[in-house]
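Read the structure below first, then the notes.
The values are calculated or read from the model by the stated rules, or taken from the named source; none is laboratory data. In this text, all values refer to a predicted model and were calculated from it rather than measured experimentally. Here the Cβ positions follow ideal geometry from the backbone for every residue, glycine too, while neighbour counts run over all protein chains shown. Note: areas computed on protein heavy atoms with side chains; ligands, DNA, RNA excluded. Shrake-Rupley method; radii C 1.70, N 1.55, O 1.52, S 1.80 Å.
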Amino acid sequence: MSAPAAEAASGTAVADAPRRQRAKLDKSLIANPLIALVGLVGVFAYAGSQGLDAVEQSVINPAALAVRLWEHMILTGLSTLVVIVIAIPAGIAISRPAAGRIQRPVLAGAGFMQALPAFGVIVLLAFSPLGLGLPTAVVALALAALLPVLTNTVVGLQQVDRSLIEAARGIGMSARQTLIRVELPLATPVMVAGVRVALVLNVGTAALATFIGAGGLGEPIKGMLELGRPTGTLVAAAIVAALALIVDWLAGLAEYAVRRNSG
């Protein structure tokens, strides 16, 4: 089962559970920061024992890494924001009964975009009018991460108990009021799960943005590989992996809080 599908399935399961049950804390939320911390300490200890030459020190140092880390977070944050702005309204639109005919084609199109190699999409978009740099990278990352949020928005809205919707319409709510006051609050936990998946996808894929001059933590990885410095490459790659775990941890805490408040 694909990650988006798994998230959607998980979200559906939660939504089907009795509302009085409290959401359980995912054990990975405890393990992820510990793994990230232990991994980073181990990698830096190994790098310290090997010693970094002058070239590696010019790239792998706190000041340079802080700049790359900030660029990476900008890439991840902007691309995820674009995904949210596009996928959630689109998911709401195609979940409406009147849009039933276009729902499958739209989801298939989003699935096709996610199936495309992210590196290929980034390079192809670099030849578009957007050119090289941050805008192209943000668009490419957003295309690659669109499916989880789109799918979970549709699934989250479709799993809302029909009797609740009919009850809301029965007391005089319009379709718009029912959507805003009944359907979206109940679907939010599943939608947040999709955003969590998109965030983690973008953290990893953002490392490829360096190939079109958009910076990020892929820059030291690429530089160390080209210069034949395996220790420097290991340190930079470990930072990307740790960042993905920490972002997943933070997003998981947000998802847990949403589920707990809605449960």
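Some values worked out for this structure:
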| quantity | calculated |
| --- | --- |
| Test: residue 85 is open to solvent by 70 Å² or more (accessible area, probe 1.4 Å), modelled with pLDDT of 85 or more, of a type in the set (A, V, I, L, M, F, W, C) and within 26 Å of residue 176 (Cα to Cα) | yes |
| Residue 217 vs. criteria in contact (Cβ under 8 Å) with a residue 60 or more places away in the chain, closer than 17 Å to residue 75 by Cα and not basic (Lys, Arg) | yes |
| Set 228, 204, 215: member being surrounded by fewer than 21 Cβ atoms within 10 Å (Cβ to Cβ) and in contact with a His (Cβ under 8 Å, 6 or more places away or on another chain) | 215 |
| All positions within the range 49-68 that are open to solvent by less than 60 Å² (accessible area, probe 1.4 Å) and part of a helix (DSSP H, G or I) | 55, 56, 59, 64, 65, 66 |
| Any chance residue 233 is closer than 20 Å to residue 57 by Cα, assigned to a helix (DSSP H, G or I), open to solvent by less than 30 Å² (accessible area, probe 1.4 Å) and of a type in the set (S, T, N, Q) | yes |
| One residue from 121, 138 being assigned to a helix (DSSP H, G or I), under 19 Å from the mean Cα position of the chain (by Cα), modelled with pLDDT under 85 and crowded, with 19+ Cβ neighbours inside 10 Å | 121 |
| All positions within the range 149-186 that are among the hydrophobic types (A, V, I, L, M, F, W, C), touching a residue at least 24 places away in the same chain (Cβ under 8 Å) and crowded, with 18+ Cβ neighbours inside 10 Å | 149, 150, 154, 155, 157, 160, 179, 186 |
| Odd one out for residue 110, checked against (1) within 17 Å of the chain's Cα centre (by Cα); (2) modelled with pLDDT of 85 or more | (2) |
